[in-house]
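Here is the structure we will look at, set down as structure tokens.
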Amino acid sequence: MSKFIRLAGCLALIAGLAACGVDGAPIPPSDEPETPEPGVTLSGNVNMGVSGGSGSSSISSTN
């Protein structure tokens, strides 16, 4: 069991180190901050409805 844990730890360490620098050399931040355009932007989806109950329901009346 300890061999498995040791192997898993080594594989996790190697995978973590392999991911370093994948996207290239680091780029320093610019001196001027980027400012977004003034205004308001909204985006997304809205859903409305009724859910729940026992599946199928029926109303019956007897005379």
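Observations on the model:
- When peptides 25-35, 8-18, 42-52 are sorted by average Cβ neighbour count within 10 Å, with the highest value leading, the order is 8-18, 25-35, 42-52.
- Applied to the stretch 12-28, the Karplus parametrisation 6.51 cos²θ - 1.76 cosθ + 1.60 on θ = phi - 60° returns per-residue 3J(HN,Hα) values of 5, 5, 5, 5, x, 6, 5, 7, 5, x, 5, 8, x, 5, x, 10, x Hz, with x for Gly and Pro.
- Rounded to whole Hz, the Karplus (6.51, -1.76, 1.60) HN-Hα couplings of the stretch 41-52, x for glycine and proline: 10, 10, 8, x, 10, 10, 10, 9, x, 10, 9, x
- Spin-label pair Glu32-Arg6: with each label point 7 Å from Cα along the Cα-Cβ axis, the two points sit 5.8 nm from one another.
Any read-out appearing in this document is the output of simple, stated calculations on the displayed coordinates, not a laboratory observation. Worth saying up front: this structure is predicted, and the values here are computed from it rather than measured. Neighbour counts are summed over all protein chains in view; Cβ atoms, including those assigned to glycine, are modelled from backbone coordinates with ideal geometry.
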